[in-house]
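Structure record follows, encoded as structure tokens.
The values are calculated or read from the model by the stated rules, or taken from the named source; none is laboratory data. As the structure is a prediction and not an experimental result, all values here were calculated from the model. Positions of Cβ are generated from backbone atoms using ideal geometry, with glycine treated the same way; all protein chains shown enter the neighbour counts.
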Amino acid sequence: MPDQISPELFNHLVELAALELTAEEAEYLRDQLNKQLKSIEELAAIPIPEGTPPAAHGVPFPPDVRAPLRKDAAALAPEAAGIKTGAPQTSEDYFVVPGIPHEELD
């Protein structure tokens, strides 16, 4: 089975991501990505009976074993005020960060 990610496609993706890779690193990563895609295809080929519900966890976790659900309530962290005092600059309840200069990529 041919690789899904050809050297040409991989080089294009490396250029788009502005990565600097040696030839050995590039070949290793391309090989690993192709292996991952092959594994995904193998998993997708496993027949699953109609009506099988999706699983959130691979191991059964019955109610008598798991912890009870807690109320979903927003609450401020008690150390929030102390953390804010360490910030160089704040505005209301937010940290102010300096702008990031952007430059055009070739």
task = Name the residue, out of Gln36, Gln32, that is in a helix (DSSP H, G or I), more than 26 Å from Leu105 (Cβ to Cβ), without any contact (Cβ under 8 Å) to a residue 12 or more places away in the chain and of a type in the set (S, T, N, Q).
result = Gln36
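In the set Glu15, Glu92, which member is out of contact with any Phe, Trp or Tyr (no Cβ under 6 Å at 6 or more places or on another chain) and on the phi < 0 side of the Ramachandran plot?
Just a single option satisfies the conditions, and that option is Glu15.
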inquiry  = So, Glu24, is that one loosely packed, with under 10 Cβ neighbours inside 10 Å and modelled with pLDDT under 95 or not?
reply    = no
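It is to be established whether one or more residues within the range 79-96 are of a type in the set (A, V, I, L, M) and either touching a Ser or Thr at 6+ places or on another chain (Cβ under 8 Å) or not in a helix (DSSP H, G or I) (or both).
yes
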remark   = Sole miss for Pro68 among (1) in contact with a helix residue (DSSP H, G or I) (Cβ under 7 Å, 6 or more places away or on another chain); (2) loosely packed, with under 10 Cβ neighbours inside 10 Å is condition (1)
query = Does the range 1-21 hold any residues that are surrounded by 10 or more Cβ atoms within 10 Å (Cβ to Cβ), under 21 Å from the mean Cα position of the chain (by Cα) and either among the hydroxyl-bearing types (Ser, Thr, Tyr) or part of a loop (DSSP other than H, G, I, E, B) (or both), and which are they?
reply = Ile5, Leu19
